[in-house]
Amino acid sequence: MERSPIRRALISVYDKTGLAELGRTLADAGVAIVSTGGSYKTLADAGVPVTEVADLTGFPECLDGRVKTLHPMVHAGILADRRKESHVAQLADLGVEPFDLVVSNLYPFTQTVASGAGPDECVEQIDIGGPSMVRAAAKNHPSVAIVTSPAQYPQLEEALVAGGYTLEERRVLAAQAFQHTASYDSAVASWLTGQTAAADEAFPAWLGRDWDLVGTLRYGENSHQPAALYADAAGATGITGANQLHGKEMSYNNYTDADAAYRAAYDFDQPCVAIIKHANPCGIAIGDDIAQAHRLAHACDPVSAFGGVIATNRPVSLEMAQQVAEIFTEVIVAPGYEDGALELLARKKSIRILVAPAYEHEAVALRPISGGVLAMAPDQLDAPGDDPASWTLAAGEAVDEATLADLDFAWKACRAVKSNAILLAAGGASVGVGMGQVNRVDSCKLAVERAGERAAGSVAASDAFFPFADGPAILIEAGVKAIVEPGGSIRDDETIEACRAAGVALYFTGTRHFFH
Ligand SMILES: NC(=O)c1ncn([C@@H]2O[C@H](COP(=O)(O)O)[C@@H](O)[C@H]2O)c1NC=O
């Protein structure tokens with residue numbers, strides 16, 4: 001492919017990493033360099049021959065740098081389409097020399113906002129001349145190459161040796177440049193939208209999000225579905241930003257299950273382990289330590305835990321690692337691994353071992369639907385109704401402390417279960433989970449069946465109210481001693497009466513935890 005020689009470059013960079021070295025390489029290759037104040041100084045101090053942009057424009061940089069490169073001597077030089085004789089002729093008439101290369105990176109707007117700077121300072125860091133040059137050069141990529149990051153300097157140096165960039169390379173650079181300015185403008189627009197929103201406005205008039213490709217995945221939910229992972233361009237956090245220490249490549253389903261497990265484990269302050277299959281817990285438990293929590297979570301449903309995804313909210317201890325090593329596990333995600341735990345787990349070739357910082361709920365949870373996206377506040381810790389002290393005893397005698405603690409656990413744990421959710425618990429651990437059924441009776445049947453003998457003396461949580469007393473009847477029949485649910489059905493009386501008659505304590509939380 002044909003390469004276009006680089007004879008003249010415009011350099012205007014905020015981030016001066018590698019600038020002096022790049023300048024020397026360009027100058028050694030015979031490239032004439034024009035540069036703005038600070039960049040000029042870095043280059044000149046390094047002994048690189050360079051012309052200051054003010055000498056080119058005949059106009060001083062002014063207004064605290066708000067106007068430096070915004071001048072026809074600069075922009076005509078960038079924007080002339082050199083495939084057109086008329087453009088080349090006009091440049092000659094106007095005495096403008098064309099640029100073959102623009103190197104520019106922008107004022108650190110997002111970093112300034114993140115630093116807590118005041119509005120005036122943030123506004124001052126909205127780069128105007130930089131994006132103008134970048135966009136101009138990117139538009140004119142048939143004639144000009146645009147470089148927007150020091151990470152692209154090695155490629156630039158290779159291109160210089162090879163005799164310039166190819167058109168194809170310039171097109172890729174142009175796409176990257178427009179991604180860069182779009183992302184930059186999105187950050188500015190989001191910030192300004194937030195600044196102008198009314199104090200009580202929970203949802204902004206405009207949502208700007210941009211995503212960078214992390215990589216393609218082997219396939220999506222099924223092998224015929226191509227798939228990829230993107231990270232928030234503002235920085236990869238959560239499972240997306242987790243560090244994989246060992247094991248096979250993460251699959252699409254591994255990511256969704258690891259995310260569900262991670263969220264569930266961090267719903268508790270105590271050491272907690274969640275074991276997830278197909279986005280639902282097949283076991284979740286808290287314990288005095290993480291190994292105990294794992295034993296309890298695994299015991300809930302050992303059959304389903306085979307090939308599961310495990311998350312913890314504490315570093316994995318050697319004891320827990322020894323337990324996990326006995327069980328076929330797809331993924332384990334934890335905030336860390338104690339001495340020897342990682343080595344032990346890594347003896348299994350296939351297990352994917354991830355380390356991720358503490359789970360942080362997004363301020364707004366987004367879910368795409370056809371033609372749009374739903375936004376809501378996440379169902380976080382400290383939701384109303386989470387504190388057992390706020391519950392209403394609707395039937396039976398008030399329970400003892402240990403039973404109340406189990407109800408508390410069951411209530412929090414059931415929000416990790418897809419609706420309709422019924423979760424039976426005992427001793428800080430799920431013992432039977434009925435999930436994802438389209439009626440609550442079937443969820444009760446499933447939970448009781450999974451719990452088997454352990455249903456007797458356990459407690460039950462229901463993510464939403466019982467519309468009829470048929471579900472509670474199944475729980476009572478199985479020997480459940482206390483139930484927590486939101487209440488609020490027009491037939492609450494029937495459930496209350498069933499519990500009262502059976503001597504089962506019934507608590508109402510007043511809040512539900514649907515999860516789809
Ligand atoms: N206003 C302008 O004409 C202008 N032209 C270039 N800049 C920016 O000035 C910075 C480089 O300035 P210096 O070389 O003086 O350190 C770059 O981030 C570049 O994007 C400008 N500044 C902001 O808008």
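The values are calculated or read from the model by the stated rules, or taken from the named source; none is laboratory data. Because the structure is a prediction, the values reported are computed rather than measured. Cβ: placed from backbone, ideal geometry, glycine included. Neighbour counts: every protein chain shown. For accessibility, only protein heavy atoms count, side chains too; no ligands or nucleic acids. Shrake-Rupley method; radii C 1.70, N 1.55, O 1.52, S 1.80 Å.
Observations on the model:
This table checks each residue for (1) open to solvent by less than 70 Å² (accessible area, probe 1.4 Å); (2) within 16 Å of the ligand (Cβ to nearest atom); (3) out of contact with any strand residue (DSSP E or B) (no Cβ under 7 Å at 6 or more places or on another chain); (4) among the charged types (D, E, K, R).
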{"site": "Glu157", "(1), (2), (3), (4)": "yes, no, yes, yes"}
{"site": "Gly164", "(1), (2), (3), (4)": "yes, no, no, no"}
{"site": "Ala175", "(1), (2), (3), (4)": "yes, no, yes, no"}
{"site": "Trp206", "(1), (2), (3), (4)": "no, no, yes, no"}
{"site": "Thr216", "(1), (2), (3), (4)": "no, no, no, no"}
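Listed here are the residues, each with its yes/no results for (1) assigned to a loop (DSSP other than H, G, I, E, B); (2) open to solvent by less than 20 Å² (accessible area, probe 1.4 Å); (3) in contact (Cβ under 8 Å) with a residue 24 or more places away in the chain.
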{"position": "Val48", "(1), (2), (3)": "yes, yes, yes"}
{"position": "Met73", "(1), (2), (3)": "no, no, no"}
{"position": "Phe99", "(1), (2), (3)": "yes, yes, yes"}
{"position": "Gly116", "(1), (2), (3)": "yes, no, no"}
{"position": "Asp120", "(1), (2), (3)": "no, no, no"}
{"position": "Ala137", "(1), (2), (3)": "no, yes, yes"}
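- Cβ pairs under 6 Å, 6+ apart, first in the range 11-26 and among the charged types (D, E, K, R), second within 13 Å of the ligand (Cβ to nearest atom) and assigned to a helix (DSSP H, G or I): Lys16/Thr42
- Residue list for the range 77-109, restricted to those being within 15 Å of the ligand (Cβ to nearest atom) and among the small types (Gly, Ala, Ser): Gly77, Ser104
- Index of the failed condition, Glu21 passing every other in (1) within 15 Å of the ligand (Cβ to nearest atom); (2) loosely packed, with under 15 Cβ neighbours inside 10 Å: (1)
- Scanning the range 209-253 for residues that are under 27 Å from Thr110 (Cβ atoms), among the basic types (Lys, Arg) and without any contact (Cβ under 8 Å) to a residue 60 or more places away in the chain yields a total of 0.
- Any strands (runs of 3 or more DSSP E) falling wholly within the range 359-401 and containing at least 2 residues that are in contact (Cβ under 8 Å) with a residue 40 or more places away in the chain, closer than 19 Å to Thr511 by Cα and open to solvent by less than 40 Å² (accessible area, probe 1.4 Å): 392-395
Rundown of residues vs (1) within 16 Å of the ligand (Cβ to nearest atom); (2) at pLDDT below 95; (3) aliphatic (A, V, I, L, M), yes/no style:
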position: Arg8; (1), (2), (3): no, no, no
position: Thr36; (1), (2), (3): yes, no, no
position: Leu43; (1), (2), (3): yes, no, yes
position: Ala54; (1), (2), (3): yes, yes, yes
position: Arg66; (1), (2), (3): yes, yes, no
position: His71; (1), (2), (3): yes, yes, no
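- Selection status of Arg440, among the basic types (Lys, Arg) and crowded, with 24+ Cβ neighbours inside 10 Å: yes
- Taking the range 338-354 as the range and being open to solvent by 40 Å² or more (accessible area, probe 1.4 Å) and at pLDDT 95 or above as the test, the residues that pass are Glu338, Leu342, Glu343, Arg347.
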